[in-house]
Amino acid sequence: MSLVKNNKTLLVISLLLIIMPFFWLKPGEMDLGGDGGRLYFYDPVNQIKNLALYYVSPFNRGTTDSSFSYIPFIGMLVVAKQVISSSYILISLHNSIKLAVGFLAIFAIVREIIPKEKNNVYKTKIASIIAGLFYLSTPAMIENYIKAIPSHSQVFLNPLMFYLFLRFSLTGNMKYMWSILVISLIFATNFSWQSAPPFFAFYPIAFIFILLYVRVIRQIRTDWRKLFTLLVLFFGLHSFHLVPGVIDMLIPGSHTNARVFDANSIKDQIGYFYAILHIPNSSFYLLSYSLNKLIGQVSFVFPLILVFGLLINKKRDKTILLIAIFFLLVFFFATGKITNIGTKLYEFLFYIPGFSMFRNFYGQWQFVYYFFYSLFLGVAFYSILSRIRSRIILNITFFAIASYFVISSWKFINGSLVNPFREEKNNIKVAIVMDPKYEQTLNFIRLLPSDGKILVLPFTDSYMQVIHGVNNGAFVGHSTIGQLTGKKDFAGYQEMVPYSSIFWELSKKRDYGSIRKILGLLNIKYIFHNSDVRIYDTSFLENPYSPNYVRKYMPSTQLEYKEYIKNISDEKVYENSFYSIYKINEKDYLPHFYTPEKIFVYEDDPKLNIYSKADAFFKGNTLKRPVFIENKDCKILLNEKMCNKRDIVMQDNIPEIEFEKINPTKYRVKVFNAKYPYMLILSESFHNNWKIYLSDKKPEKGDVVSTYFDRKIQEGKHKNIFLDEKTFETLRMKSLPDNAHFVANGYANGWYITPRDVQEKGSYELIVEMTGQRIFYIGLATSSIVFVALMLWGIRLFFFSHNKTNYF
Amino acid sequence: MKIYSHNVIFFLKKYKYVVLTLIIMAVAGDILLIENKSDLITFFILSLIILFFRFYKIGSKKIFIVSIFPIVIIFFSFIIAPKSFAIEKASTWLFLLIGTGILQEILGKDTK
């Protein structure tokens, strides 16, 4: 690349940035945890299979949540892992890219926008390097590597995409457009609905800046046709994840819809905004000061450079003014408290649909802020340097500031910030070397024939799981079992909705009978217990096992957990070192699909929050195969007289069913001897897009792996077929009426099926499908076509183009 | 009335540096002496700055010079009292002064 070819300093810095992350972790170690979790570096194949391909999440009740945007990046990791099997190397390489590309992109942008003057090439390079180093050393950049969420790639993506788009706007060269599209596809997560806040914080402002810069300062006309082409290709390429996201946003009642449009929800967001307003300090942002307290005061130099840059701008160059305006704008967004009027204005912005995504404003705007700060600093610094004639003084200034960056970021450079102690007194660090025995346990779970769900113990306050490695590190992140085995799991309080509170209360009272019933209603068949004392008895005494929450209700030691599990399970089916798996009694277990014998009708209590909703209906009764439905749903399905009875016994001749999983979004249910109306329950999180279709295929008994309730319910051999010739078979079929679909057991899907609905047949096959998955297939087809066209176009652009100029 | 306004203008022109010093002291006073954030005071002082800088035909560059004062206050406040409210107010003033200077520069006739 000619960017580095003739500049040894630049090359040296880039190489150092690439090599640095390899010393943060030891070979074999992995930094995987946190809210987002980065298990794809560890096991990309299973992550793609269980997390990325389907519209149903692999966690707890199977909420509808798409992670399709992960497919390109994790797909690349699958390929990369064939060549580089070490997760440590992949993680380090990823961090190297963040640093080196982030630095080089800022360097290139500042070098591009600094006004070209004769004999000032050296000063331009110094100013650009300082801007790049400043960008890397800012608090937003160095303090977020630990437990980095997927959108953290914005640290290099933002400047890289900005530079490519700037060059595209200045030159009209289509190679830049091609690069933008391909890079955006690889890192599709950063352009997905999940990353909406960082995306909308940066790209609209960056786009407007570039348009103004190109038009007003460089006086080049914008080629709107090429821009429109870029937009169309972008949407075409990203259809596979954007289309399901847009549709989800438009569905009334969905989580995304409420966050964007619900006025009550907006008031909550404003309340949250004011609650955290005191956290960011304007001065902290301005000074961007060092973690090293000894030299922290030196950071006042940076706002001084900005002011001097404006002062020295004698020729009234518009570039620095334009950057300064955008700098002030993002400073306002990042701090939220430039005067009381400014804060009030900020509050009004929340009424713009979608703006409430910035409720965590200081976290989401900081990356954009430091980006523009770096550009401003680079251009202002150049203004100052352009007045210095002596080369010696230039070099001294450069080395002084560069040394400041190195000293102030030393904790980051030496890896202390990336791999700190989780639990300092017990010497437990963030990076983990996975226990092979845990990997064997995961493999065992993967091969379990039943798709019953798993309760993960020790139970946490939220949804986290703790695993101690064979080194002095521990993983603390979103539970691994669902993501890596395909068996949904419940690891914490937030996942047991609507039974969260009642589960804790019953656990505190040690009411084991009722606990088993709740596990049955949640389709939990197995209990995974990690009996390692290092993760519960001696460490992690606060987070995620807080003494004010989970430890108040659940067993307080691993020994007590063993007693607890003995009373809620039937037998141990696996043991390997700390890891054991137990099976609950089949009398209490309700399979993934079941036909209830008794209906309990209840009135919902609107005062109960989502974690306590089960208090309205669960009274610890011990009858088998129940279903709980709300009175309002009962009246639609049955008649008012029956619903007033509060419990209804179904007809004796409940049909036999046999169910098998095709994939997490599609099941076949074979029904035999159905004479009367009955209810069919699917223990997955309720969603209107779960539909039932009557197949014209005659049901035949298949291979059975488990039977329940005297063979009334049989579980077939499960598969995981993403795409085959039958994927779209339900397109021509009519689904059961929507008013036959109701919320069962406070969270699940229930259908009331009458003989009329199934053409008076006694034996038939039903297909139960999450129709949201079809939208993904359509989007995927669109994206695939655009991708192939893009690749062919790329070959033509780079290999057969007559224009051979180096476009960097 | 006309004689009165002439007298005021003459007085302001005669004591130009006194007036400007008082305004800058007002900024420092707002930062260091007034404990709470008052938009009335802040924008009143800012309006005076804009008014008198235009009255005295002082260029935008001088506003940038004034904006060095909040930075100096921030520096010393961090050493003396790192958690003082003055630091936040100084940051707000820096923002307002830079913004005002930029606006003045853009509206100026000799922009490149």
- Given a Förster radius of 41 Å and the C-beta distance between A:M733 and A:R796 as r, what FRET efficiency does 1/(1 + (r/R0)^6) yield to the nearest 0.05? 0.40
- Query: So which GluC sites (Glu not before Pro) in the range A:108-170 pass both tests, a DSSP loop state and at most 15 other Cβ atoms within 10 Å of the Cβ?
  - Reply: A:E117, A:E143
- Message: Full-extension gain between A:N120 and A:E603, please, as 0.36 nm times their residue separation minus the C-alpha to C-alpha distance.
- Response: 166.1 nm
- Could you name the lysines in cross-link range of A:K8, using Cα to Cα under 30 Å and dropping any fewer than eight places away on the same chain? A:K26, A:K98, A:K116, A:K118, A:K123, A:K125, A:K175, A:K411, A:K804
- Task: Write down the percent of antiparallel bridges among all DSSP beta bridges whose residues are both part of chain A, to the nearest 5.
- Result: 75
- Label point 7 Å out from A:R391 along Cα-to-Cβ: which residues of the range A:103-124 have amide N under 16 Å? A:119-124
- Message: Report the Cα centroid-to-centroid distance between the range A:346-362 and the range B:1-21 in angstrom, as an integer.
- Response: 47
- Mean Cα-pair separation over length for chain A, i.e. relative contact order, pairs under 8 Å, 6 or more apart, %: 14
- Using the Cα centre as the reference, give the magnitude of the dipole from point charges on the C-beta atoms of the range B:2-107 (Lys, Arg: +1; Asp, Glu: -1; all else neutral), rounded to the nearest 20 debye. 540
- How much length is gained on full extension from A:I352 to A:I186, taking 0.36 nm per residue of separation minus their Cα-Cα distance? 56.7 nm
- Message: Please give me, ordered by residue number, the chymotrypsin sites (Phe, Trp or Tyr not before Pro) of the range A:679-755 that lie in loop per DSSP and have at most 13 other Cβ atoms within 10 Å.
- Response: A:F728
- How much FRET efficiency would the formula 1/(1 + (r/R0)^6) give for A:Y274 and A:N585, where r is the Cβ-Cβ distance and R0 is 56 Å, rounded to 0.05? 0.65
- Under 13 Å from the Cβ of A:N576, count the other residues' Cβ atoms, weight Lys and Arg +1, Asp and Glu -1, and hand me the total. -2
- Note on the structure: Quick note, the range A:424-583: a/c under 1.5 would make it rounded; otherwise a/b > b/c is prolate and the rest oblate (a ≥ b ≥ c, C-alpha gyration tensor); here it is oblate
- Where labels lie 7 Å past Cα in the beta-carbon direction, separation of A:N653 and A:T171 in nm: 7.8
- Task: Compute the separation of the alpha-carbon centres of the range A:56-70 and the range A:720-734 and state it in Å as a whole number.
- Result: 20
- Cα-projected label distance for A:Y777 with A:K508, points at 7 Å along beta-carbon direction, nm: 4.9
- Message: Can you give the FRET efficiency to the nearest 0.05 for A:K712 and B:S38, using r as the Cβ-Cβ distance and R₀ = 45 Å?
- Response: 0.05
- Query: Based on DSSP H runs of at least 4 residues, each adding -39500 (n - 2.57), what is the mean residue ellipticity at 222 nm of chain A after dividing by all its residues, to the nearest 500 deg cm²/dmol?
  - Reply: -14000 deg cm²/dmol
- Query: If you project the alpha carbons of the range A:1-145 onto their three principal axes, what span does each projection cover, largest first, in Å?
  - Reply: 65, 32, 28
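Where a number appears in this text, it was derived from the coordinates with a stated rule and is not lab data. Every value quoted in this text rests on a predicted model; they were computed, and no experiment measured them. Note that each Cβ is placed from the backbone with ideal geometry, even for glycine, and that neighbours are counted across all protein chains shown.
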